[in-house]
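Following: one structure in structure tokens, then a few remarks.
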Amino acid sequence: MNLAGFIFKPLYWLAGKLFSAWARPAIMPESPADLITDSKAVVCYVLESGGLADLLALERACAIHGLPSPTEPFDFCGARFSRRFAVLRPSHGFFFRRRSTAGSRRLRSLVDAAKGDGEELLLIPVAIYWGRSPDKEGSFLKLLLSENWDVVGRTRKFFATVLHGRDTLLRFSKALPLSSITAEGLESPIAFRKVFRILRVHFRQGRSATVGPDLSHRRTLVDQVLRAPGVKRAIEAEAGDDLAKQEVSRANARRYALEIAADISYPTIRIIRRFLKWLWNRIYDGIELSHIERIHDVAKDKEVIYVPCHRSHFDYLLLAYIVYEERLQQPHIAAGINLNMPIIGPILRRGGAFFLRRSFRGNRVYAAVFDAYLHLILVRGHSIEYFVEGGRSRTGRLLAPKSGMLAMTVNSYIKDPKRPVVFVPIYLGYEKLIEGDSFINELGGGEKQSESLFGLIRSVKSLRENFGSVYVNIAEPIELESLLDSANPDWRDMTNGNGERPPWLNDVIDELGQSIMRAINSAAAVTPISLLAYVLLATPKQKIGHKELVSQLRLSIDLLRRFHYSDSVTIPDLSPEDIIAHGEKLDVISRTSHPMGDVIHMAEHTAVLMTYFRNNILHLLAIPASVACCFIQGRQLELAELQRLISLIYPFMHRELRMRWEDDEIDGVTSRAIDTLVDMELLTRERKQLLVRPPTGSANAYQLLMLGQAMVPMLQRFYLVIAILVQHGSGTLSRTRLERMCEISAERLSMIYGLHSPDFFNKSLFHNFIRELQEMDVLRRNGDGLLEFGDDVVGIGIDARLVLGEEIRHSILSLTIPEDQVDV
């Protein structure tokens, strides 16, 4: 051992001990040894920039996972190398550190030594992110605290190690076999440049996906927004040639930009992350995360647009927390301007929120500023999160997608398609909602409560409750480029300098919105609470015997597994008894003892709230439940007639429940549902084309009836619309008046015959049904704006007799509504 080695080894050993006592880097993947696919191959690690701290972190990770030490010597193709790692771009200079442009000498020597004689060398890239956060220029403290794109010196690296030793990510990547380059027969200098380029691009993509692109100062970003051509055009259109008006418009544009723009602060995000970790542990039993690998796969080389469903104000915080914990780039999050309240607004802004108004209508300058801001953060490679529904669902069903943010995103990508854009739909599922009571109040006609700091403080009392678990399912990503290619293969060659949207793009945006909604529903999380709601709300008074509840829960779980909606749906791995115990723990259900068996029931107020969670999963069993519904009034039905009935109502189910199948696919899906019910002995085939339900009074007949009851409220609403149309005649009602008459009629029916839930008489459901009838040309608007129809509407009413009881049909038909009570 030479003198340098004699001195270096004890110091390196001591540094390693000190490092391991303090630093705890998170290591990804969980088993990096699996990346070594060839046990006979020689392994060499490649670091991006090197340094003692990076080497110690790699040494510790290798020791933990049984990998070869990076400081041990190794032989390759007859040559001896003193260390098992190479630094891609080592830094030079004692006081002023700068990266070498020539690349790693050790890596060059490895390429030179490769002889193509069968010996393999695996180059394993290892990226290390201290604090792993981008930040703004100009803040000395944040530069010390955060990982970004700058070349760092020894002092900053020391402080980064001390301050972020426990908030560091060490990521092993797939090995690059050196033979894949040398086998091409390239000369050594050319082969080295190719290896260097591949590794440099890999590290750059990994840093962008993990850290995010480098951020300019917020004021610089605002200045760039104001220089955007679209903003200049909007200012000129508003002010004309009047210089004074131009100055006013320009000042307004700057004010709009500052109102919109995020001001990401990673120290703030770390504080929020600690608070959220406490909060989740306080009110939730845990976060159930499924299919997260889908985001990791696309984030490597694509720009991610997170498009979750919108259930609660917690959605913003929940997804941001998960992204941070998964070591992914922190997204810019679109938030309604109503959340830009005192104290809370600035915190959200520093956490990545950018704010938008509910409507851009009538304010061309604001629309141009927002579009320019969105384009700027997109072309810089930032991930973005927004809710395509626009607002929170009050019913548990997905809302119709709004095209605004989607259109701006697509337009931005078409103008500058540098990095592929992928939309990641996300299903968020809760077992209880803090906003539950206010949702029911609003559906019942109450005034929408605006967000305020006082309201937030009042909601703190809810933190004493147990809200169960939260479920986050990642759906299949949707690539924008493939949608554009299928709609217009020449879209890359098209230019539109005036900023107007080309006409063909409207269909793409509509299809994108619908695809996102279908993907979200295809990744639904079935929760214990949604299962209890599904079963108990099918009973007349939300009461059922314990034995019957166990049986129906078991049937529902079995049916969900057999009638496979999609690979992304998750089902709880709990027994019916465990599900019931969970419901009792969350005070969703109660138990009353009885000598003949316990009775499980829901309070009426709870039952109204539970319609929300039933609606979360209603689409998963809508087809088999609709089949079962057709046997409520009759014992047998021809297969062709059954398929006709399902085909008749499916377009309306498709719109209301955002189901995945197109209209022309439904016959095959119905056949699959029938086969499933036959296999489960809920239906039998007496002849090949005749389906028969089990004998009345049998357990199977009761289960089929309970299954069918889930779809009865939807069919009652449909029949109510048809009955009112027929009662008043063609050409007598406007669409607005019809919707109002349906709403108040449904409210009366729910008060008399069932659960008085605002979900049943929700006016948006009638609006969508009537709109679908118009799109199918069943209803037509005449010159006076009144709805006309033909005999096919009467036929729909006749078909309802097969599924609706005589009493409810009689009540609907006998409804008469005085004109002075229809307030339009």
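The values are calculated or read from the model by the stated rules, or taken from the named source; none is laboratory data. Computed from a predicted model, the values in this text were never measured in an experiment. Every residue, glycine among them, receives a Cβ derived from its backbone with ideal geometry; neighbour counts consider all protein chains shown. The protein model used for the area step is the full one, side chains on, heavy atoms only, and it has no ligands, DNA or RNA in it. Shrake-Rupley method; radii C 1.70, N 1.55, O 1.52, S 1.80 Å.
Shape call for the range 192-319 from the C-alpha gyration tensor, a ≥ b ≥ c root eigenvalues: rounded (a/c under 1.5), prolate (a/b greater than b/c) or oblate? Don't skip to the answer; put the middle values down first.
Values: a/c = 2.60, a/b = 1.41, b/c = 1.84.
Since a/c reaches 1.5 but b/c is at least a/b, the shape of the range 192-319 is classed as oblate.
When you count, for each residue, the other Cβ atoms within 10 Å and take the mean per peptide, how do 564-572, 105-113 rank with the highest first? Walk me through the intermediate numbers first.
Working: 564-572: 16.8, 105-113: 18.4.
Highest mean packing first, the order is 105-113, 564-572.
Calculate the spin-label point distance for Q774 paired with W278, positioning each point 7 Å from the Cα along the beta-carbon direction, and give it in nanometres.
Inter-label distance under the simple model: 5.2 nm.
Assuming R0 = 41 Å, what is the FRET efficiency of Q636 and N506, from their Cβ-Cβ distance, to the nearest 0.05?
On the way: r = 47 Å, r/R0 = 1.16.
My answer for the efficiency is 0.30.
Tell me, how many Å apart are the Cα centres for the range 745-788 and for the range 283-309?
Between the Cα centres of the range 745-788 and the range 283-309 lies a distance of 37 Å.
Mind jotting down the distance between the C-alpha centroids of the range 678-701 and the range 514-580, whole Å?
One Cα centre to the other: 22 Å.
Hey, for a label at S566 modelled as a point 7 Å past Cα toward Cβ, could you say which residues of the range 515-545 have their backbone N under 20 Å away?
Under 20 Å, as judged by backbone N against the label point of S566, lie 515-528, 530-531 of the range 515-545.
Tell me whether the range 510-649 comes out rounded, prolate or oblate; compute the Cα gyration tensor, take square roots of the eigenvalues as a ≥ b ≥ c, and use a/c under 1.5 as the rounded threshold.
Working: a/c = 2.01, a/b = 1.35, b/c = 1.49.
It comes out oblate by the Cα gyration axes.
Taking 0.36 nm per residue of separation and subtracting the Cα-Cα distance, what length does fully extending N782 through L690 add? Write out the running numbers ahead of the final one.
Values: separation 92, 0.36 × 92 = 33.12 nm, distance 4.29 nm.
Answer, rounded to one decimal: 28.8 nm.
Taking amide hydrogens as modeled 1.01 Å from N in the peptide plane, which residues meet the under 5 Å criterion relative to A86, leaving out close sequence neighbours?
Result for A86 returns Y45, V46, L47.
Over the Cα atoms of the range 568-727, what is the Rg over Rh ratio if Rh follows Kirkwood?
On the way: Rg = 17.7 Å, Rh = 17.8 Å.
That ratio equals 1.00.
Report the Cα centroid-to-centroid distance between the range 245-277 and the range 583-623 in angstrom, as an integer.
The range 245-277 and the range 583-623 have Cα centres separated by 44 Å.
Which values, in whole Å and largest first, are the semi-axes of the equivalent ellipsoid of the range 248-337 obtained as the square root of 5 times each eigenvalue of the Cα gyration tensor? Please list the in-between numbers first.
Working: eigenvalues 154, 65, 34 Å².
Each semi-axis is the square root of five times an eigenvalue, giving 28, 18, 13 Å.
Which whole-Hz ³J(HN,Hα) couplings does the range 71-80 yield from phi under the Karplus relation 6.51 cos²θ - 1.76 cosθ + 1.60, θ = phi - 60°, glycine and proline marked x?
Computed from phi, the couplings for the range 71-80 are 9, 7, x, 8, 10, 8, 6, x, 9, 9 Hz.
Quickly work out the T736-to-D297 label distance, labels modelled 7 Å from Cα along the C-beta direction, and quote it in nm with one decimal.
With each label point 7 Å from Cα toward Cβ, the separation is 5.0 nm.
Return the FRET efficiency for the residue pair A251, I343: r is the Cβ-Cβ distance, R0 is 45 Å, and the value is rounded to the nearest 0.05. Please list the in-between numbers first.
Details: r = 27 Å, r/R0 = 0.59.
Result of the calculation: an efficiency of 0.95.
I343 accessible area, nearest 10 Å², 1.4 Å probe?
110 Å²
With no solvent and one point per C-alpha, what does the Debye sum give as log10 I(q)/I(0) for the range 694-778 at q = 0.11, 0.18 Å⁻¹?
-0.38, -0.80
Pull out the extension gain between D285 and A33, defined as 0.36 nm times the separation in residues minus the alpha carbon to alpha carbon distance; nm, one decimal.
Details: separation 252, 0.36 × 252 = 90.72 nm, distance 3.31 nm.
The D285-A33 span can extend by a further 87.4 nm.
Report the extension gain between K585 and D573 in nm, rounded to one decimal, defined as 0.36 nm multiplied by the number of residues separating them, less their alpha carbon distance. Don't jump to the answer; show the numbers that get you there.
Details: separation 12, 0.36 × 12 = 4.32 nm, distance 1.75 nm.
Between K585 and D573, full extension yields 2.6 nm more.
Where does the Debye-calculated log10 I(q)/I(0) of the range 658-745 sit at q = 0.17 Å⁻¹, using only Cα point scatterers of equal weight, no solvent?
Calculated log10 I(q)/I(0) at the listed q: -0.90.
Extending each Cα 7 Å along its Cβ direction at S486 and D792, get the distance between those two points in nm, one decimal.
Simple spin-label model gives 2.7 nm for this pair.
Looking at the square roots a ≥ b ≥ c of the eigenvalues of the Cα gyration tensor of the range 510-554, which shape do they give, rounded for a/c under 1.5, prolate if a/b is larger than b/c, or oblate? Show your work: numbers first, answer last.
Details: a/c = 5.00, a/b = 2.89, b/c = 1.73.
Prolate shape, in that a/c is at least 1.5 and a/b is the bigger ratio.
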